[in-house]
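Everything below concerns the one structure shown next.
The values are calculated or read from the model by the stated rules, or taken from the named source; none is laboratory data. Here the structure is a predicted model, which is why all the values come from computation and not from measurement. Cβ placement follows ideal geometry from the backbone for every residue including glycine, while neighbour counts extend to all protein chains displayed. With ligands, DNA and RNA removed, areas are computed over all heavy atoms of the protein, side chains included. Shrake-Rupley method; radii C 1.70, N 1.55, O 1.52, S 1.80 Å.
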Amino acid sequence: ARMSRKFDSHYSYNSVNPRNGNYLNIDFSIGDQLSAKTELDTWLTERYYLYMDKRGGVGVFPVHHPEWKLMNIDIHQLGLSYSIGAIALSQSNVELVHYSPGVKVIAWPDRKI
């Protein structure tokens, strides 16, 4: 994919995959940190295994990380088209969006599953 990002008074991310036509164009501002996470927020962010397609199978890596800080965002512009299998995302069906500055992760050696 071709990707670019800018940080001014707001954030801009642009990503286009010329092979399949999937794209994301978003301009947003970061708001306040969430005072409480919903069950869905926790389920989406508190993952402690990383799965990777490796030659000859799938590897699973146990990981450890601190809790993700989630912030609300104000979307100024959104263009989205992402399709894979039965999943089809577009700007008209986005229901939940947050921002996180990320977390540092410790990973242990993988095992094949």
Out of the range 15-40, which residues are closer than 18 Å to GLN91 by Cα and either free of Cβ contacts under 8 Å to residues at least 12 places away in the same chain or of a type in the set (Phe, Trp, Tyr) (or both)? TYR23, PHE28
Among residues of the range 8-60, those that are more than 15 Å from the chain's Cα centre (by Cα), open to solvent by 90 Å² or more (accessible area, probe 1.4 Å) and among the charged types (D, E, K, R), counted: 6
Residue, modelled with the highest pLDDT, within the range 77-113, restricted to residues that are among the aliphatic types (A, V, I, L, M) and open to solvent by 100 Å² or more (accessible area, probe 1.4 Å): ALA86
Yes or no: ILE84 out of contact with any Asp or Glu (no Cβ under 6 Å at 6 or more places or on another chain) and closer than 27 Å to ASP110 by Cβ? yes
Report, ordered by the first and then the second residue, all pairs with beta carbons closer than 9 Å, sequence separation of six or more or different chains, a first member in the range 41-69 that is among the charged types (D, E, K, R) and modelled with pLDDT under 90, and a second member that is outside any loop (DSSP other than H, G, I, E, B) and open to solvent by less than 30 Å² (accessible area, probe 1.4 Å). ARG47/VAL63; ASP53/GLY59
